[in-house]
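Values quoted throughout were computed directly from the atomic coordinates according to the rules given, and no laboratory measurement underlies them. Keep in mind it's a predicted model, so treat the numbers as computed, not measured. Using ideal geometry, Cβ is built from the backbone for each residue, glycine included, and neighbour counts are taken over all protein chains shown.
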Amino acid sequence: MFDRARIEALRSAEVPPASLIINGSKRPASDGGVMDVISPLDGQPFTTLAKGTEEDVEAAVASAREAFDDGRWAAKAPAERKQVMLKWASLIEQNALELAVLGVRDNGTEIGMALRAEPLSAAATLRYYAESIDKLYGEVAPVAEGHLGMVTREPVGVVGAIVPWNFPLMIAAWKLGPALACGCSVVLKPAETASLSLLRLAELGLEAGLPAGVLNVITGEGPVVGRAIGLSMDVDVLVFTGSGRVGRQLLEYSAQSNLKRVYLELGGKSPNVVFADAPNLDEAVAVSANAIFRNSGQVCVAASKLLVQRSIYDEFISKLCAFTREMKVGDPLNPDSVAGAVNSEAQLAQNLRFVEQARQQGRDILTGGERILEETGGYFMAPTIVSGVRPEDPLAREEVFGPVLAVIPFDTEEEAVALANATDYGLSAAVWTSDLSRAHRMVRQIKAGLVHVNTYGGADLSVPLGGMKQSGNGHDKSLHAFDKYLDLKTAWIKL
Ligand code: NAD
């Protein structure tokens with residue numbers, strides 16, 4: 001699977017300056033503006049992005065609207081759209097390694113995870129929604145004789161999609177898959193530090209036969225491009241994955257413009273609760289370490305708060321520290337690395353600030369806590385475990401979005417539930433126990449959209465992912481994702 005020679009060739013392949021994609025063709029920004037793309041592997045610029053403007057967003061929205069209104073995509077038979085999307089998925093698979101390496105050079109994720117979670121996951125997602133779309137039926141309501149109540153679902157129209165940098169292809173595909181399958185047109189805004197592989201993905205979509213205007217990509221700065229999409233009077237639905245800070249702004253933009261529906265997939269502070277009766281402690285150790293440290297903790301569902309029952313606390317934490325110290329962090333294009341680079345200098349600084357604050361509060365840094373491999377120029381951080389964390393500490397409540405794990409002991413199930421829920425977030429959680437009843441009680445009591453039992457991660461496309469509390473208000477994945485992109489329409493007919 002890992003052709004090391006090919007990865008090495010792609011590592012330093014020249015990447016031409018990137019353009020916007022509007023109405024099926026590549027264009028520079030309207031004012032010619034560009035921005036450097038800095039690789040987190042060495043801190044060096046390796047190409048440029050077009051720095052989109054409000055005018056570019058207007059042009060993209062207009063082309064998406066025209067494409068939607070004239071039915072060049074929306075009015076096609078679902079089975080025809082399916083064929084284009086299946087071809088797109090195949091092209092992504094054929095170019096998977098190229099896409100993955102380009103993405104890694106841009107965002108720093110280790111190649112093992114990047115290949116699986118980025119192009120291959122994006123292709124699987126597009127397939128899933130392509131295959132679903134000609135199997136969704138409307139409804140005939142159970143009404144009295146003399147009337148017919150018919151409920152159909154129509155594509156909402158123009159969708160604005162704003163995505164983050166941690167898994168650009170996977171997360172964009174969670175939105176593009178259902179939106180395009182059901183006939184919407186899309187204006188996509190990738191993150192500043194992870195645009196290149198998404199632009200390539202969109203090009204492959206055009207190659208597969210997406211008509212011009214159906215998928216537009218505007219790169220550039222969030223407060224310019226993202227804001228213009230948020231404030232557009234002609235975007236019907238806005239779907240977003242990213243921080244709560246920006247999510248709040250998007251709700252305001254909606255209120256200030258056309259009341260577009262805004263679906264938010266935000267951050268988390270996900271508890272991982274290990275009871276003394278966990279079926280296999282060694283497995284729980286390995287899975288818990290990977291659940292926070294893979295992709296340098298830059299995973300929305302990262303299990304960043306570890307709660308361990310006191311009777312096994314010392315043993316568990318000592319095994320966890322030993323396991324963590326063995327994790328190979330470094331060059332993300334080396335397939336042996338289990339964690340790569342932190343995405344940007346700013347994110348690295350934020351991670352280190354959280355650790356410094358914990359240190360000043362007198363918490364114990366059991367392992368890690370510092371930048372490493374500085375001589376490479378890249379942004380690498382040692383996996384960090386902090387003990388003595390109090391439930392009210394920032395580390396116990398706020399998202400770091402880096403390789404920093406807070407550990408807290410507990411005695412009873414009630415205490416574990418209270419500690420798990422003591423955060424404004426509610427995205428993901430895990431419980432390790434051999435007691436089936438306890439597992440079910442915990443699943444019910446933890447306020448999170450996804451609760452794992454005796455495992456972490458790996459929940460496939462067939463199940464929804466969405467947050468409770470301040471982790472969001474919508475769902476990606478599964479057939480439920482269609483709800484965001486389809487309007488219900490009732491026809492009430494007198495017979
Ligand atoms: P971010 O909120 O800083 O940026 C996300 C996107 O919003 C980027 O494309 C950015 O350019 C854009 N943006 C920035 N300012 C904007 C503005 N004023 N108006 C409109 N758009 C703007 O998030 P990030 O740092 O890229 O990503 C990390 C966050 O994403 C974390 O909080 C993480 O938990 C979250 N996330 C959530 C999920 C999920 O499924 N719930 C998945 C992955 C990441």
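Summary of values
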quantity: Difference of contour (0.36 nm per residue) and Cα-Cα distance, residue 310 to residue 44; calculated: 91.1 nm
quantity: Global geometry of the chain, whether rounded, prolate or oblate, following the gyration tensor of its Cα atoms and the 1.5 cut on a/c; calculated: oblate
quantity: Label zone at residue 441, where the point sits 7 Å out along the Cα-to-Cβ direction: the range 269-303 residues whose backbone N lies under 19 Å; calculated: 272-279
quantity: Virtual spin-label span in nm between residue 154 and residue 93, 7 Å along Cα→Cβ; calculated: 3.6
quantity: Computed label-point distance, nm, for sites residue 493 and residue 9 using a 7 Å Cα→Cβ extension; calculated: 6.0
quantity: Anisotropy class of the range 276-351 from Cα gyration tensor, a/c 1.5 cut; calculated: prolate
quantity: Zone of residue 479's modelled label, taken as backbone nitrogen in the range 113-134 under 12 Å from a point 7 Å along Cα→Cβ; calculated: 132-134
quantity: Tensor-based shape of the range 1-108 (alpha-carbon gyration tensor, a/c under 1.5 rounded, otherwise prolate or oblate); calculated: oblate
quantity: Pairwise FRET efficiency - residue 256 versus residue 144, Cβ, R0 = 60 Å, nearest 0.05; calculated: 0.85
quantity: Dipole of the chain, positive direction: furthest Cα of 360, 238, 405, with charges on the beta-carbon; calculated: 238
quantity: Loop-exposed GluC sites (Glu not before Pro) per DSSP, neighbour cap 10 Cβ within 10 angstrom, longest uninterrupted part of the chain; calculated: 146-325
